[in-house]
Amino acid sequence: MTYGIKPKAPPLTLHDGFETTPVGAPPGMAKTHAKKPGVIKVVAEHPSKGAHCLQLTDGPDVEPAFEPHFYYRTNVEHGVTRVSFDVRAEAAYQLTHEWRDDANPYRTGPKLDLVKGVLTAGGTKLAQLPADGWTHVEVTARIGAGGDGTWSCAITLPGGSRSASTG
């Protein structure tokens, strides 16, 4: 028997509009540890494009405070990485999008916070998002060797107005 280094999984390439995920099911490849069933599920109401979208439902009975949350294991260690998604949030909703690894303590990369319609990065306001309207968010960063800790964010508001920022 020969022992060696376990081969690394290839970097994740994902284009998921949740169109093939059944309504009511959690997102297929995403990992989640939500203890309350149904707080993260695919729905057919108000999709950005197509017929489905992912819905996260929060409330006082959803514990711990960081729930609901989900993540993808990307296996990306270097190079330019891009994450884009559409978001539609109610006026009082709070959402965090954060890149991080699984080290202990974990190391972070780009982080966006959406609180009551205001999208920020590092405390700087990037945009005011309309309640219940779909906004497209795109984050790009170079990670690993050659990464300098900077990243960019492009936001396209409903109607096509676009803004960009660097973090």
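The values are calculated or read from the model by the stated rules, or taken from the named source; none is laboratory data. This structure is a prediction, so every number in the text was calculated from the model and none was measured. Reconstructed Cβ throughout: ideal geometry from the backbone, glycine too, with neighbour counts over all protein chains shown.
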Handout entry: Every residue from the stretch 112-153 that is out of contact with any His (no Cβ under 9 Å at 6 or more places or on another chain) and among the hydrophobic types (A, V, I, L, M, F, W, C)
Key = 115, 118, 119, 121, 126, 127, 129, 131, 141, 151, 153
Completion exercise
Here the residues within the stretch 111-146 that are under 19 Å from residue 53 (Cα atoms) and among the β-branched types (Val, Ile, Thr) are 135, 137
Exercise for the section: Report whether or not residue 73 is part of a loop (DSSP other than H, G, I, E, B) and within 13 Å of the chain's Cα centre (by Cα). Expected result: yes
Problem - Residue within the stretch 31-45 that is closer than 17 Å to residue 87 by Cβ, exposed (fewer than 15 other Cβ atoms within 10 Å of the Cβ), at pLDDT 75 or above and charged (D, E, K, R) present - result: yes
Exercise for the section: Would you mind stating whether residue 63 is surrounded by fewer than 14 Cβ atoms within 10 Å (Cβ to Cβ), in contact with a Lys or Arg (Cβ under 8 Å, 6 or more places away or on another chain) and closer than 30 Å to residue 128 by Cα? Expected result: yes
Exercise for the section: Would you point out which residue out of 134, 151 is within 30 Å of residue 62 (Cα to Cα) and hydrophobic (A, V, I, L, M, F, W, C)? Expected result: 134
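Residue-by-condition table, conditions (1) touching a residue at least 24 places away in the same chain (Cβ under 8 Å); (2) in a loop (DSSP other than H, G, I, E, B); (3) at negative phi:
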residue	(1), (2), (3)
8	yes, yes, yes
12	yes, yes, yes
18	yes, yes, no
28	no, yes, yes
34	yes, yes, yes
38	no, yes, no
42	yes, no, yes
45	no, yes, yes
49	yes, yes, yes
Exercise for the section: Scan the stretch 126-167 residue by residue and report those that are touching a residue at least 12 places away in the same chain (Cβ under 8 Å), loosely packed, with under 14 Cβ neighbours inside 10 Å and part of a strand (DSSP E or B). Expected result: 163, 164, 166
Exercise for the section: Please determine, by comparing only the residues of the stretch 50-60 that are over 17 Å from the mean Cα position of the chain (by Cα) and more than 14 Å from residue 90 (Cα to Cα), which one is surrounded by the most Cβ atoms within 10 Å (Cβ to Cβ). Expected result: 51
Practice task
Considering each of 93, 72 in turn, give the residue that is out of contact with any Ser or Thr (no Cβ under 8 Å at 6 or more places or on another chain) and buried (at least 16 other Cβ atoms within 10 Å of the Cβ).
Solution key: 93
Completion exercise
Filtering the stretch 32-48 down to residues that are touching a His at 6+ places or on another chain (Cβ under 9 Å) and either of a type in the set (A, V, I, L, M, F, W, C) or not assigned by TED's automatic domain parsing to the domain that holds residue 63 (or both) yields 34, 40, 42, 43, 44
